[in-house]
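Accompanying notes for the structure given below.
Quick note: the coordinates plus some simple rules give every number you see, no bench work behind them. Just so you know, these numbers come straight off a predicted model, no measurement behind them. Here the Cβ positions follow ideal geometry from the backbone for every residue, glycine too, while neighbour counts run over all protein chains shown.
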Amino acid sequence: MSHTSYRDVCLYYLERYAAKDMAAMESLFAEDIILRDWKIRVVGKEIALAETRKNFEAAHSIQIDVLATYEDAQTVAAELKIVVDNTEELYVVDVITFTSAGKIASIRAYLGRGDH
């Protein structure tokens, strides 16, 4: 990567996710992306985009607060507080890996608890 860090790309991804920006998702996802959370595991850009679109359509609003980030080599972990439709609070850790070209190679999301 040039001047942009993987952390910067991660934060941009989260910002655009909260904005439900499908064009940004398409530009950020690698062709063979792996998307996994506590409900699904999919491989491939088109399927990952379809799952992301479903999430966007199911939520009127998505607010993402980044509580902390950790970066190592081509991986960024982000502790997140996500509020869906101003009512549902999720505490999630996203572990995002990147290709050498700066595309998102995988997103592994882990659901946690909000009581610190």
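Odds and ends about this structure:
- In the chain, excluding the sites themselves, the longest stretch lacking any of the trypsin sites (Lys or Arg not before Pro) that are in a DSSP loop with at most 15 other Cβ atoms within 10 Å is 40-112.
- In order along the range 14-23, the phi-based Karplus estimate (6.51 cos²θ - 1.76 cosθ + 1.60, θ = phi - 60°) of 3J(HN,Hα) comes to 5, 5, 6, 5, 4, 7, 6, 8, 5, 4 Hz; Gly and Pro are listed as x.
- Separation of alpha-carbon centers, the range 10-32 and the range 47-116, rounded to whole Å: 11 Å
- Cβ-Cβ FRET estimate between ARG53 and ASP32, R0 fixed at 25 Å, reported to 0.05: 0.85
- With the simple model of a label 7 Å out from the Cα in the direction of the Cβ, LEU90 to ILE40 spans 1.1 nm.
- The mean sequence distance of close C-alpha pairs (under 8 Å, at least 6 residues apart), as a share of the length of the range 6-111, puts its relative contact order at 28 percent.
- Amide H within-cut-off set for ILE62, under 5 Å, with H built and near neighbours excluded: ASP85
- Gain upon complete extension [LYS103, HIS60; 0.36 nm per residue less C-alpha separation]: 12.8 nm
- Phi-derived couplings, Karplus 6.51 cos²θ - 1.76 cosθ + 1.60 at θ = phi - 60°, listed residue by residue for the range 84-101: 9, 6, 6, 10, 8, 9, 10, 9, 9, 10, 9, 10, 10, 10, 10, 7, 5, 7 Hz, with x used for Gly and Pro.
- Ranking of SER106, SER100 by count of other Cβ atoms within 10 Å, fewest first: SER100, SER106
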